[in-house]
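Coordinate-derived values only; no laboratory data. Being a predicted model, the structure only gives us computed values, none of them experimental. Cβ atoms come from the backbone with ideal geometry, glycine included; neighbour counts cover every protein chain shown.
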Amino acid sequence: MKLLVVPVTPFQQNCSVLVCEQTLRAAVVDPGGDLDRIDAALQAQSARVEKVLLTHGHIDHCGQAGAFAQRHGVLIEGPQEDDRFWIAQLGEQGQTFGMRGAASFEPDRWLVDGDTVSFGRQTLEVRHTPGHTPGHVIFFHRAARLAIVGDVLFQGSIGRTDFPRGDPGALIASITRKLWPLGDDVTFVPGHGPLSTFGDERANNPFVGDAVLGR
């Protein structure tokens, strides 16, 4: 499986393009905007998008997900249904932030903890990771030791919890109980900024490092 990270929207959100190299079918995670840029990345790999996957309902991650899915005639899977209220107000948020094309939509499948999603010959495991938003999920490719974690965890930081229904205790629990057990060797793509590994964050992250949490 090949990973391409395409920063999109004025927030420079990391849209992940995952390509099954055996079939050239792709899953696009969090196509929040700049759809032509995402399509260019697909075309450069001669890949055809098969599915849209969403980590959570914030505008920079899914503001144009409905339009992208409609453009390609594919399904949207994710996030968990507790983020329905975020998706319902995408049009209003688009006007507030000046992000044209943002619009609400109905995912074809709401995800729950323990689900799997597939594209080509690849399978991703789903973990429900609330805290940043109540319906946030992450996607884990076990064979590639790769996780797409949205805005749960960043290199040297963690997700904000000052949005409606944010929960700092739930976020810490999501990180320590859902991410860390996947393994220190797992590389993760955060919603913004550079990639890192769970092991590096356990060693160095000033918010959730082992030394900070007394582990």
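Histogrammed with a bin width of 10 Å, the alpha carbon distances of region 122-215 distribute as 18, 55, 25, 2 percent, first bin at zero. Mean sequence separation of contacting Cα pairs (under 8 Å, at least six apart), scaled by the length of the chain, corresponds to a relative contact order of 15 percent. Secondary structure note: in the chain, about 70% of the DSSP beta bridges are antiparallel. Applied to region 141-155, the Karplus parametrisation 6.51 cos²θ - 1.76 cosθ + 1.60 on θ = phi - 60° returns per-residue 3J(HN,Hα) values of 9, 5, 5, 7, 6, 10, 10, 9, 10, x, 9, 6, 9, 10, 5 Hz, with x for Gly and Pro. Note on the chain: GNM, Cα springs under 10 Å; of V117, V189, V28, the largest mean-square fluctuation is that of V117. Stretched out straight at 0.36 nm per residue, the stretch from R160 to D185 would grow longer than its current Cα-Cα span by 6.5 nm.
Proximity of backbone amide H atoms, modeled 1.01 Å from N, is registered between Q13 and V8 at under 5 Å, excluding neighbours fewer than 5 places apart on the same chain.
Each residue of region 75-88 is assigned a 3J(HN,Hα), and the resulting list reads 8, 10, 10, x, x, 7, 5, 5, 8, 4, 5, 5, 5, 5 Hz, derived from the Karplus form 6.51 cos²θ - 1.76 cosθ + 1.60 (θ = phi - 60°), x at Gly and Pro. Full extension of the chain between A40 and L213 gives 58.0 nm of extra length, using 0.36 nm per residue less the Cα-Cα distance. So, R0 is 30 Å and r is the distance between the beta-carbons of E21 and R177; what FRET efficiency does that work out to, to 0.05? Taking R0 as 30 Å, the efficiency between E21 and R177 is 0.40. In this calculation the C-beta distance from R48 to F97 is compared with R0 = 30 Å, giving a FRET efficiency of 0.45. What the pair-distance distribution of the chain shows, using all Cα-Cα distances binned every 10 Å from zero, is 9, 38, 38, 14, 1 percent. Here each label is just a point 7 Å from Cα along the line to Cβ, and for L75 and N204 those points are 4.0 nm apart. In this label model, F85 and R109 are separated by 2.7 nm, measuring between points 7 Å along each Cα→Cβ vector.
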